[in-house]
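Student: The following block contains the structure, expressed as structure tokens.
The values are calculated or read from the model by the stated rules, or taken from the named source; none is laboratory data. Since the model is a prediction, treat every value here as computed from it, not as a measurement. Here the Cβ positions follow ideal geometry from the backbone for every residue, glycine too, while neighbour counts run over all protein chains shown. Heavy atoms of the whole protein, side chains included, go into the accessibility calculation; ligands, DNA and RNA do not. Shrake-Rupley method; radii C 1.70, N 1.55, O 1.52, S 1.80 Å.
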Amino acid sequence: HAANSAPDIATAYAEADLACKQMSGVARTTTLCAIASATTTTKTSATKTRRTRAAKKKTKDLRSVVTQWRTEGVPLKNLPMEYLARLEGVDYVKRSSVTAVGKTLKEADETNVQSELRDRMLADALREETGARADDEAANDLLAVAAAVVMVADGLLDEGHNVVTPHSWPAPTSFAGKPRTENTAAKDISSYVHSLVHRSEGINEGEFGTGFNNSRFWIRSAGNQPVFPHVLEFARDIAEAVDSERAKEAVDAMGEEWSPLAFGKLCEQTIKSHGRKLKQARASSEPLLTFCERVQGYEMACIVEYCVEQAGGSLK
């Protein structure tokens, strides 16, 4: 009992000593030795458990992360961007939820490779997990965009932006290099992921006004997406589940077509209303915030699955 309840061995000894006052010398010594052994074993076991959990946390595949997005959502973000080709001092392995993406970003950063080679490295890393088509440029484009979604979910906005910009913007940029819009298989979906980058930029001022303002441009540029019907169905269910009247009204107003513009407006209102108290609102499960984050997670999961399937792979 002392070994299980005491915070340390010294306290366990003291408690056992009091309990053993009436015992003979031999019995008392035997009991104290057993307490010490049990306490040490308990603490060693706890340490091993923590190390095992840490090891599991360090290694995550794309499938498990996407499943987590579906069930738990992805937090809304309000992060400023640097608009640089390379950011100093970023621990990509630590920051990335998907191990393969983090390791590849680290390798690309350390070797300072060009954007096209970096995208191919990202595609190869996800190809091993998804079984997507090999030696296929279209598959490479789609898998790179899937990796960009992971970056956005992890708050690596500049990195995700640098991946999607060449696929969606027809002019060269100082941060993302030459455009690839004429020969990419991922122009439409990358344009939509581009909108997710700037949605996560939030109310911060970027290259064309606030992040939310820029996001609206990219939503219009992307047009209708194959994932929209699935997102609409999920949003209806979640609006009812979290019992948010504002969410219900917004979804009902969409009718039979998902409106990313209306959803972006809800996200913007939520960010503005909570300001720096976003974490507290999340901790208290504020209904509209919960709705936005659950829908965002499902939306991102659908996009990654779509990209992987179009590349000939699967997360099932």
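Student: Which of the residues belonging to the range 112-130 are out of contact with any helix residue (DSSP H, G or I) (no Cβ under 9 Å at 6 or more places or on another chain) and either at positive phi or at pLDDT 95 or above (or both)?
Tutor: Residues of the range 112-130 that are out of contact with any helix residue (DSSP H, G or I) (no Cβ under 9 Å at 6 or more places or on another chain), as a first pass: 112, 114.
Once the filter is applied, which keeps residues that are out of contact with any helix residue (DSSP H, G or I) (no Cβ under 9 Å at 6 or more places or on another chain) and either at positive phi or at pLDDT 95 or above (or both), the range 112-130 yields only N112.
Student: Look at V74 and say whether it is surrounded by 12 or more Cβ atoms within 10 Å (Cβ to Cβ), of a type in the set (A, V, I, L, M), at pLDDT below 95 and not in a helix (DSSP H, G or I). Walk me through it before giving the result.
Tutor: On the way: surrounded by 12 or more Cβ atoms within 10 Å (Cβ to Cβ): yes; of a type in the set (A, V, I, L, M): yes; at pLDDT below 95: no; not in a helix (DSSP H, G or I): yes.
In short, no.
Student: Continuing with the same structure: Among the residues of the range 181-190 satisfying the criterion of being over 19 Å from the mean Cα position of the chain (by Cα) and closer than 15 Å to V227 by Cβ, which is surrounded by the most Cβ atoms within 10 Å (Cβ to Cβ)? Reasoning before the result, please.
Tutor: Of all residues in the range 181-190, those over 19 Å from the mean Cα position of the chain (by Cα) come to 181-188.
Then drop every residue that is not closer than 15 Å to V227 by Cβ, which leaves 186, 188.
Numbers: A186: 28, D188: 17.
By that ranking, first place goes to A186.
Student: Quick check: is even one residue across the range 241-259 among the hydroxyl-bearing types (S, T, Y) and either more than 21 Å from F212 (Cα to Cα) or open to solvent by 60 Å² or more (accessible area, probe 1.4 Å) (or both)?
Tutor: Going through the range 241-259, the residues among the hydroxyl-bearing types (S, T, Y) turn out to be 244, 259.
Adding the requirement that they be either more than 21 Å from F212 (Cα to Cα) or open to solvent by 60 Å² or more (accessible area, probe 1.4 Å) (or both) leaves 244.
Scanning the range 241-259, I find at least one residue that is among the hydroxyl-bearing types (S, T, Y) and either more than 21 Å from F212 (Cα to Cα) or open to solvent by 60 Å² or more (accessible area, probe 1.4 Å) (or both), so the answer is yes.
Student: Can you find even one residue in the range 167-176 that is among the hydroxyl-bearing types (S, T, Y), out of contact with any strand residue (DSSP E or B) (no Cβ under 6 Å at 6 or more places or on another chain), open to solvent by 20 Å² or more (accessible area, probe 1.4 Å) and more than 19 Å from L143 (Cα to Cα)?
Tutor: Within the range 167-176 (the criterion being among the hydroxyl-bearing types (S, T, Y), out of contact with any strand residue (DSSP E or B) (no Cβ under 6 Å at 6 or more places or on another chain), open to solvent by 20 Å² or more (accessible area, probe 1.4 Å) and more than 19 Å from L143 (Cα to Cα)), the answer is yes, since at least one residue qualifies.
Student: Does G131 count as surrounded by fewer than 16 Cβ atoms within 10 Å (Cβ to Cβ), out of contact with any strand residue (DSSP E or B) (no Cβ under 7 Å at 6 or more places or on another chain) and closer than 15 Å to V304 by Cβ? Break it down stepwise before answering.
Tutor: Numbers: surrounded by fewer than 16 Cβ atoms within 10 Å (Cβ to Cβ): yes; out of contact with any strand residue (DSSP E or B) (no Cβ under 7 Å at 6 or more places or on another chain): yes; closer than 15 Å to V304 by Cβ: yes.
Here the answer is yes, as G131 does meet what is asked.
Student: Looking at (1) among the basic types (K, R); (2) over 18 Å from E116 (Cβ atoms); (3) at pLDDT below 95, find the lone condition where R199 falls short.
Tutor: Failed condition: (3).
Student: Being more than 23 Å from F263 (Cα to Cα), without any contact (Cβ under 8 Å) to a residue 60 or more places away in the chain and in a helix (DSSP H, G or I) narrows it down to one residue among H167, H194; which is it? I'd like the intermediate steps shown before the answer.
Tutor: Working: H194 fails: more than 23 Å from F263 (Cα to Cα).
Exactly one residue qualifies, and that residue is H167.
Student: Please find, among R282, R276, the residue that is open to solvent by 60 Å² or more (accessible area, probe 1.4 Å) and touching a Pro at 6+ places or on another chain (Cβ under 9 Å). Quick ask: steps written out before the conclusion?
Tutor: On the way: R276 fails: touching a Pro at 6+ places or on another chain (Cβ under 9 Å).
Testing whether each residue is open to solvent by 60 Å² or more (accessible area, probe 1.4 Å) and touching a Pro at 6+ places or on another chain (Cβ under 9 Å) leaves just R282.
To keep it simple, each residue is scored yes or no on (1) touching a residue at least 60 places away in the same chain (Cβ under 8 Å); (2) outside any helix (DSSP H, G or I); (3) in contact with a Cys (Cβ under 7 Å, 6 or more places away or on another chain); (4) within 23 Å of H167 (Cβ to Cβ).
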residue	(1), (2), (3), (4)
S221	no, no, no, yes
E233	no, no, no, no
E249	no, no, no, no
W258	no, yes, no, yes
Q269	no, no, no, no
Q296	yes, no, no, yes
A301	yes, no, no, yes
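Student: Going through V93, V65 one at a time, which residue ends up being of a type in the set (V, I, T) and surrounded by fewer than 16 Cβ atoms within 10 Å (Cβ to Cβ)? Talk me through it step by step, then tell me what you get.
Tutor: Values: V65 fails: surrounded by fewer than 16 Cβ atoms within 10 Å (Cβ to Cβ).
Being of a type in the set (V, I, T) and surrounded by fewer than 16 Cβ atoms within 10 Å (Cβ to Cβ) holds for just one of V93, V65, which is V93.
Student: Taking the condition open to solvent by 30 Å² or more (accessible area, probe 1.4 Å), more than 19 Å from A311 (Cβ to Cβ) and not β-branched (V, I, T), does E201 pass?
Tutor: So E201 does not fit the description; no.
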